[in-house]
Amino acid sequence: MTNIDDIIIYSQKLKLLYVEDNHQARESTLLILEEFFGDIVVAVNGDEGLNKFSEHDFDMVITDINMPKMNGLDMVDHIKKINDDIPILVFSAYNESGFFIESIKLGVDGYLLKPIDINQFIGLLGKVIEKIKLKTEAQKSESLLQQYKQLTDKSAIICIVDNDKTITYVNDAACQIAEKSIDELIGSQCNVISQDFISEDVYNDIWSTIKDKKQIWQGITKYISNSGRSYYLKNTIKPILDIDGHIIEYMSLRSDITEIMNPRRLLSDKISYEKSPLLVYLKLEDYNILEEFYDAQTVELIQDKVAQYIESNVPTACYLDKIYQLGQGEYAFSNEKSICMQNEQEFLSYLKDFQKIINKDVIQLDKIEYDISIIMSVAYDDSQVLESARLGIKKCIQNKYNFIVSSHLAEQEQAQAQKNIQTISMIKKAINEHKIVSFFQPIINNTTKEIEKYESLVRLIDENDKVLSPYHFLEISKKGKYYSQITAMVLDNSFKALNHTTMDISINLSVLDIEKPSTREKIFQYLEANKQNASRVVIELLEDESAKDFKTITSFISQVKKLGVQIAIDDFGAGYSNYERLLDYQPDILKIDGSLVSNIVNNAYSLSIVASIVSFAQQNNIKTIAEFVENEAIYEVLKNLDVDYSQGYYFGKPDVLSY
């Protein structure tokens, strides 16, 4: 397993025993381990570790070596006697061959030197997870295999072929599945597998294995019955040798797995066979609507019809013959790039033209007319074509594309995931060390040029004492459990600042923050404790299209306004802010979006929009603040438009509030 997101998702389900006697090493390593494991039990020596292992069920063990009472290797020896299959990683500060050799003898799964190299750790963890998954899958498969054995004993599909690839024997089961008589099959040519449906490389590999190497070949192949029905067989093909080691014939034992084959597995297997796979991934653009509008049976029928339509109309010049119907409105084609793509631009052009034709067509199903609309992702020259192609579909949906070349997206996602882990670790450390701080940017009265307000802006101080803006950490924090903690610290910083200035303090909050009961409760606690200063609190609301609980938001606004709090709408004039929402929020202040302000000197359109916002605000007794006021020319235009306040680098950068 190499995809970091998949590793984290899986490892979060695991219960880990972590044994380390050194307090500092234990705490620093836990910062990393907690990002990967959902349940960690800690022991401080080998004796305690062994006791806890005996008392609990663990999925994995990570241990130091040199520890009091019982060292790590002795503990591992005892643990292996209890459960020989338990995955164990050994961390040590000592690069000594004796430790390394002893670890190998004990059957540990990996040996890491301190301090931990995160990339090496992720690589080892991925291998351990693969081992755990394989063990789990093996247990499931064993049950299935017992059932398959019973079936095979009664209906094994057997075929024997001579050195000329002529069929010399088949049993009744082979005739039944091929829908042919014994006379039709015996004496006919059969290449043991169906050459038409696999790549040349795989075909050559089979014959190289059974003929040249005289070894057994196993794999899954596709066949077509006499009536044109597709079916899949699991093959074990063995050369039958005489006493001198010469091949007499080839025998294949096959089982029908058509009904149990998962299309995604089939696709994955096919890609793994191909030397340089090219993958075309398609998805019905409105599949969610399709599921809501029709019953499950109709949805399945529509998907089947779409699959038939696509497969029968794909351009022959693309050499994409077999369609994989993956469910959830998704389909795929795969083949060797060298076969499909003689000319890259020409191939992509064929696909785009094909897509346009599909998206103009209609499928008839009884009384239903279904307008097809597909999005398409193409990946090649990539070791992870399937994952990259799927990510391409996701990117198309997010950005409203209908076609994308998605090669190497998986690698990019993996790199981003690694960066996200590092950022989350940095955020967690900053929270624990109280290095989430607020800087304050002045807001000046455009008439007097005097400071009347400050906006509280969150900053993170990293381990090198570098001040980071929200751009570097806030969005990542929203994907973890730390965003609410950051919001709480910003609220604390902002309300403390009220006691050290006579100016208004403006606090940024998303409407999604307000939807959270814990955030609302904390705000009311601060307002209760600062009743005398509540009128100097400004809550800047940032709209978000994900907001759903408008009743709660409007109720909150009404409650805090009764306490004297002012409400500002942030980034007004762009994004999701609109005049209709003002009826619900009844704001005291509109903060004009910086993208309009920054262009106001040279862009008549921006000037017109700002003028209309100011006019509306004045008519409704609402104050206006312009953001991103970077120079005097912008300030003069804003002043002439009667904008009430300005905020930007022209008047001051965000900084620590001087007491």
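Residues that are within 21 Å of GLU27 (Cα to Cα) and loosely packed, with under 14 Cβ neighbours inside 10 Å do occur in the range 86-100.
Based on what the data block shows, is ILE600 crowded, with 20+ Cβ neighbours inside 10 Å and not in a loop (DSSP other than H, G, I, E, B)? Criteria not met by ILE600.
Name the single residue, out of those in the range 609-628 being within 42 Å of the chain's Cα centre (by Cα) and more than 22 Å from ILE539 (Cβ to Cβ), that is surrounded by the fewest Cβ atoms within 10 Å (Cβ to Cβ).
ILE609
Scanning the range 460-481 for residues that are crowded, with 20+ Cβ neighbours inside 10 Å and not in a strand (DSSP E or B) gives PHE473, SER477.
Give the residue that is modelled with the lowest pLDDT, with candidates limited to residues of the range 379-407 that are assigned to a loop (DSSP other than H, G, I, E, B) and surrounded by 19 or more Cβ atoms within 10 Å (Cβ to Cβ). The selected residue is ASP382. Quick one: count up the residues across the range 630-654 that are polar (S, T, N, Q) and assigned to a helix (DSSP H, G or I). The number of residues fulfilling the criteria is 1. Counting only residues that are surrounded by fewer than 18 Cβ atoms within 10 Å (Cβ to Cβ) and within 22 Å of ILE65 (Cα to Cα), the range 1-38 holds 12 of them.
Total residues in the range 157-196 satisfying the condition of being charged (D, E, K, R), modelled with pLDDT of 85 or more and over 20 Å from GLY219 (Cβ atoms): the figure is 6.
Checked against (1) surrounded by 13 or more Cβ atoms within 10 Å (Cβ to Cβ); (2) modelled with pLDDT under 85, LEU151 passes all but a single condition, namely (1).
Only one of the listed residues (VAL437, VAL490, VAL405, VAL458) is on the phi < 0 side of the Ramachandran plot and touching a Lys or Arg at 6+ places or on another chain (Cβ under 6 Å). That residue is VAL437. Within the option set ALA534, ALA547, being touching a helix residue (DSSP H, G or I) at 6+ places or on another chain (Cβ under 9 Å) and modelled with pLDDT under 90 holds for one residue only, ALA547. Please determine whether any residue of the range 70-90 is under 35 Å from the mean Cα position of the chain (by Cα), assigned by TED's automatic domain parsing to the domain that holds LYS131 and touching a residue at least 60 places away in the same chain (Cβ under 8 Å). No - not one qualifying residue is present in the range 70-90. Applying the set (1) out of contact with any Asp or Glu (no Cβ under 6 Å at 6 or more places or on another chain); (2) modelled with pLDDT of 85 or more; (3) closer than 15 Å to ILE271 by Cα to ASP321 leaves exactly one unmet item: (2).
Hey, among the residues in the range 335-378 that are among the β-branched types (Val, Ile, Thr) and within 29 Å of the chain's Cα centre (by Cα), which one's surrounded by the fewest Cβ atoms within 10 Å (Cβ to Cβ)? Checking each candidate, the answer is ILE372. Filtered by the rule that a residue be assigned to a loop (DSSP other than H, G, I, E, B) and either closer than 21 Å to LYS13 by Cβ or hydroxyl-bearing (Ser, Thr, Tyr) (or both), the range 101-143 gives a lone residue, ASP109. Under the condition of being surrounded by 13 or more Cβ atoms within 10 Å (Cβ to Cβ), at pLDDT 80 or above and in contact with a strand residue (DSSP E or B) (Cβ under 9 Å, 6 or more places away or on another chain), the residues counted in the range 241-282 number 20. Sub-8 Å Cβ pairs linking a first residue in the range 343-363 that is within 12 Å of MET376 (Cβ to Cβ) to a second residue that is of a type in the set (Phe, Trp, Tyr), at least 6 apart or interchain, are LEU351/PHE403; LYS352/PHE403; GLN355/PHE403; ILE358/TYR309, ordered by first then second residue.
Residue by residue, here is whether (1) crowded, with 20+ Cβ neighbours inside 10 Å; (2) closer than 18 Å to LYS478 by Cα; (3) assigned by TED's automatic domain parsing to the domain that holds SER615 holds:
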| position | (1), (2), (3) |
| --- | --- |
| ASP492 | no, no, yes |
| PHE495 | yes, no, yes |
| ASP513 | yes, yes, yes |
| ARG520 | no, yes, yes |
| LYS562 | no, no, yes |
| PHE572 | yes, no, yes |
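The residues on offer are THR502, THR487, and the sole one that is surrounded by 19 or more Cβ atoms within 10 Å (Cβ to Cβ), free of Cβ contacts under 8 Å to residues at least 60 places away in the same chain and not charged (D, E, K, R) is THR487. Restricting the range 564-576 to residues that are farther than 15 Å from ILE514 by Cβ and part of a loop (DSSP other than H, G, I, E, B) leaves a set whose member that is modelled with the highest pLDDT is GLY564. Across the range 112-123, a minimum of one residue is classified as within 30 Å of GLN418 (Cβ to Cβ), modelled with pLDDT of 85 or more, crowded, with 19+ Cβ neighbours inside 10 Å and under 32 Å from the mean Cα position of the chain (by Cα).
The values are calculated or read from the model by the stated rules, or taken from the named source; none is laboratory data. Keep in mind that this is a model prediction, so the values were computed, not measured. Backbone-built Cβ (ideal geometry, glycine too); neighbour counts: all protein chains shown.
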